[in-house]
Amino acid sequence: MTDIDAGNGAASAAPQDGQVEGPGIRILAQFVRDLSFENPRVPETLRGGVAQPQIDLGIEMNARAREDGYYEVDLKLSAKAVRDDGPVFVVELLYGGVFQITGVETEDMEPVLLIECPRYLFPFARRIIADVTSEGGYPPFLLDPIDFAGVYAARKAEAAGQVVGNA
């Protein structure tokens, strides 16, 4: 069965009798909250024939409930490229989104906010980092896909270890 919203002609699927509507995630907005690119030694770092830089990558995810019932999720990605002779570039991006989440139990909300929502944001954040490094004179820095479930599990284990260690 399909319901038609007379106001805008949009169709939406309505659950049949006895069917339960499953969990849902809608992205209501996406935005760059903060972007920084430092290129301290350009143009010297652009010359060819030098060693590939070491890349130090940082990932943080944060979420909070809003008063309007939606959720704000931030994905912070940072990359620092360094060679033996010093820094090449540093890029930091704080990319956010506003999400509407339905059909998720309270005890399951944290993993949805810190795993699933960052998965939606990541491709857009990855493109921004690739674009800004390219504009800095380097080949686009394409982040490898991130296992957000693994990052979440590691952070939970680390937090549990700190609590146990302090007890």
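Rule-based calculations on the coordinates, nothing more; no lab input. Remember, it's a predicted structure, so these values are computed and weren't measured experimentally. All Cβ positions, glycine included, derive from the backbone under ideal geometry; neighbour counts span all protein chains shown.
The table below lists the values:
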{"quantity": "Charged-residue dipole, Cβ positions (Lys, Arg, Asp, Glu), the stretch 21-140 about Cα centre, Debye nearest 20", "calculated": "520"}
{"quantity": "Cβ-based net charge around ALA154, under 15 Å, with every Lys or Arg adding one and every Asp or Glu removing one", "calculated": "-2"}
{"quantity": "Mean projection area, nm², convex hull over Cα of the stretch 45-95", "calculated": "4.3"}
{"quantity": "Of PRO139, LEU46, TYR70, farthest towards positive along the dipole that unit charges on Lys, Arg, Asp, Glu beta carbons give the stretch 21-140", "calculated": "LEU46"}
{"quantity": "Cα-centre dipole for the stretch 62-126 with unit charges at Cβ (Lys and Arg positive, Asp and Glu negative), debye to 20", "calculated": "380"}
{"quantity": "Karplus-derived 3J(HN,Hα), 6.51/-1.76/1.60, for each residue of the stretch 105-116, Hz, glycine and proline x", "calculated": "5, 3, 5, 9, 5, 4, x, 4, 5, 9, 10, 5"}
